Amino acid sequence: MKQFAAVTMIAFAALTIGASAALVQTTPKVPPTYEQVIARNWKDVHNKILAMAKDTVYPDAKLGWKPHPDSRSVIDELRHVTIGLEMTTAQAKGEKYDFEAKEAEYAKRPQTRAAVVGEMEKAIAASYAVLDAPGAKPAPSLVGWLEHQGEHYGKLVTSYRVNGIVPPISRPKS
């Protein structure tokens, strides 16, 4: 009988401690808001594209490569993404933005990796500052732009693969 009582007490204590631990572990994490998910995905796709712009495994000599004569080159694709970032940032601030004029301006700039990276870093910093501002909520139109920028990311991945290069996101992590 004493053994039964001891086993029962031990079992009861184990269940009590286990139940307490389970309560602590099962406290649900607050899910992100719709706005947080959009902002996180916006940053994720642009961080991936910036990593590609900076990636010297993709040779500078191939930045002018086009999959087809009437397509954008890799460097032009990166610049197009940057212009899109600038435009969506201007829209979020309620400012006007002349996309065609900006494309013409960028076409006259140096066609180098360093120039493109500097432009993109500046555009990303401005975009993220708007998204991270207290009380900021991404405009619903950003969902469409997110999809559009994702298409550009896909085109850049294809440029890597067609040229026999593994994109940064797909490389083994060290």
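FYI, it's all coordinate maths here, none of it is from the lab. Everything numeric here is computed off the predicted structure, so don't read it as measured data. A quick note on method: Cβ atoms are made from the backbone with ideal geometry, for glycine too, and the neighbour counts reach across all protein chains shown.
Things to note:
- Reach of K29 by Cα under 23 Å, taken over lysines that are not fewer than 8 positions away in the same chain: K43, K137
- For the stretch 90-128, the set of trypsin sites (Lys or Arg not before Pro) satisfying both a DSSP loop assignment and a count of at most 14 other C-beta atoms within 10 Å is given as K93, K96, K108.
- Built from the Cα atoms of the chain, the convex hull projects on average onto 16.2 nm², one quarter of its surface area.
- Over the stretch 58-155, volume per residue of the alpha carbon convex hull, in Å³: 109
- Adding -39500 (n - 2.57) for every DSSP H run of four residues or longer, then dividing by how many residues the chain holds, sets the calculated 222 nm ellipticity at -22500 deg cm²/dmol.
- Three principal axis lengths of the stretch 74-124 [C-alpha, angstrom, descending]: 31, 20, 14
- Contact order for the stretch 33-169, expressed relative to its length and based on alpha carbon pairs under 8 Å spaced 6+ residues apart, stands at 38 percent.
- Annotation for the stretch 74-93 versus the stretch 130-174: alpha-carbon center distance of 12 Å.
- Using the alpha-carbon positions of the stretch 114-160, Rg (one decimal) and Dmax (whole number) come out as 13.1, 38 Å.
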